[in-house]
Amino acid sequence: MKRWTAQQVAAAAGASLIAAPPQPGGPELVTIDSREAGPGALFVGLAGQTHDGGRFAPAALQNGAWGTLTTPEHADLAARDPGGGAVLAARNPLAALQLLATAWRRQLNADVIGVTGSTGKTSTKDLLSALLAGRRHAVASRANFNTEIGLPLEILAAPADTDVIVLEMAMRGIGQIAELAAIAEPDVGVIVSVGPVHLELLGTVQRVAAAKAELIEGLAPGSAAIVPAGERLLDPHLRDDLETVTFGPAGDVRMISEQDRRVVIDARGERIELEVPFAQAHLRTDLLAAVAAAQAVGVTPAGTVELKLTPGRGESVTLPGGVTIIDGCYNANPMSMRAALSDLADTAARTGAARRVAVLGDMLELGPDGRGYHAALGGQANDAGVDLLVTVGPLAAAIGDSFDGEAVAVADAQEAAAVVPELLAEGDLVLVKGSLGVGLKLVCDTLAAEARAA
């Protein structure tokens, strides 16, 4: 937006221009954090749970911000001493931010890929970013920037020469994916998976599927919908006016050969050979979804996939002292827990780990059947050959009820961080996974810190 005028910015956001900047040109970046609102920045003051960001508009201008976008009340105060910056006013600054993002998305005329799913959406986004690297000027959303606030900020952060934007789309209820799709206007919609998540709000997996399928509904005719092969929960939501591509066994995009790090994929009749730095089955499934999406924007992946996973999504780190951590502490649901336990077993068999240790925390927002989902994990831990189980939280304690090996139950992440280091030995392979609200990152950080200090 650097070449836009203040009048263009205001019109795109549906805002009133109260004061114009003395110099021509638009903002270089858009932020909702007043600490980042320096020269070149448009500061958007949003009302939060604890404070109203609009109160910081005058300070942002004094710090040299290009301008501010706030409610009329805060804009009037900022305009009394704008310090040479633009002052824009809108009754709903969040809606204005979203309108501005849509306008910039249209200005870029880039291919936009929206990615959602009950599990695997972040990994698929990371894989897609890796497949596009060097072939298209692509940008991908950062961790957590996948909501009605974060997504428009990621669109607005895309440089003017961007030709592909990969956007992760999160939801907790009905209507949220639809809102994100309306902002982003995606050309390709990827639904990685459908499973039991956010059941406290949605009630049934069928409603989860309907919420995810809002991405399909939000696609323009002729766009591409990428969905798991055989996922019957999505069948009622498929559209005849879209190009629907399935991935997975018996799908349009499927794995036909796997040998060590070399995989061969049949992508709608096109043979694609890749070298991948991962062996996990769930990542290879996510890879198929990413290949389908890349193909939908005209890219045929080839060569080595330089994957960099978003932290907390299953990356493996070997610490000084010989303990290896599989860090899945960002989030968890029944599908991702099952996949992570399978990964633990496969990795242990491949590396010859001394013991398989699982530190598993509560899976939140599963509704009245939450205890049953946790209890089922005990049998899955048995199947994965887990030698030592540490459960973290009151819900996770049920995992131990059906687990046959050594088990330790602790109340919270703080207790786990104190107990787990004392239970480990050289050569152990440790899976750490739970819902974000459990805070198991503390366990990973503590293990890393103690290993460095040893």
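The C-alpha atoms of the chain define a longest principal axis, and helix 441-453 lies at about 70 degrees to it. Relative contact order for region 109-304: 22 percent, from Cα pairs under 8 Å spaced at least 6 residues apart, divided by residue count. For region 109-304, what does the alpha-carbon gyration tensor say about shape, rounded, prolate or oblate, given a ≥ b ≥ c as the root eigenvalues, a/c under 1.5 as rounded, and a/b over b/c as prolate? Cα axes put region 109-304 in the oblate bin. For residue 26, the residues whose amide H sits under 5 Å from its own are 3, 4, ignoring neighbours fewer than 5 places away on the same chain, with H placed 1.01 Å from N.
Only one residue of 295, 389, 399 has its Cα farthest out toward the positive end of the dipole of the chain, where Lys and Arg carry +1 and Asp and Glu -1 on Cβ, and that residue is 295. Secondary-structure-derived ellipticity at 222 nm for the chain, considering helices only, amounts to -10000 deg cm²/dmol, per-run term -39500 (n - 2.57) for DSSP H runs with n ≥ 4. Placing unit charges on the Cβ atoms only, positive for Lys and Arg and negative for Asp and Glu, gives region 315-453 a dipole magnitude near 200 debye about its Cα centre. Just to confirm my numbers, what's the Cα centroid distance between region 98-144 and region 320-377 in Å? Region 98-144 and region 320-377 have Cα centres spaced 28 Å from each other.
Note: relative contact order over the chain, using C-alpha pairs below 8 Å and six or more positions apart, is 11 percent.
Rounded, prolate or oblate for region 59-142? Axes are the square roots of the Cα gyration tensor eigenvalues, ordered a ≥ b ≥ c, and the cut-off for rounded is a/c under 1.5. Verdict is prolate for region 59-142. Hey, what angle do you get for helix 281-296 against the long axis of the chain, alpha-carbon based, 0 to 90 degrees rounded to 10? In the chain, helix 281-296 runs at an angle near 30 degrees to the longest axis.
May I ask for the distance between the Cα centers of region 205-267 and region 390-454, given as a whole number of Å? Each part's Cα centre sits 36 Å from the other's. Taking every C-alpha pair closer than 8 Å and separated by at least 6 residues, the mean separation divided by the residue count of region 1-90 gives a relative contact order of 30 percent.
In plain terms, the chain from residue 354 to residue 448 could stretch by 32.0 nm, reckoned as 0.36 nm per residue minus the Cα-Cα distance.
Please work out whether region 1-99 counts as rounded, prolate or oblate from its C-alpha gyration tensor, where a ≥ b ≥ c are the square roots of the eigenvalues and a/c under 1.5 means rounded, while otherwise a/b larger than b/c means prolate and anything else oblate? Note, shape of region 1-99 comes out rounded.
Once the convex hull of all Cα atoms in the chain is built, its volume per residue stands at 151 Å³. Computed from point charges on the beta carbon alone (+1 for Lys and Arg, -1 for Asp and Glu), the dipole magnitude for the chain about its Cα centre is near 840 Debye.
Taken together, the values in this text are just the output of simple stated rules run on the coordinates, not laboratory data. Since this is a predicted model, take the numbers as computed values, not measurements. Counting neighbours? That spans all protein chains shown, and the Cβs are built from the backbone with ideal geometry, glycine included.
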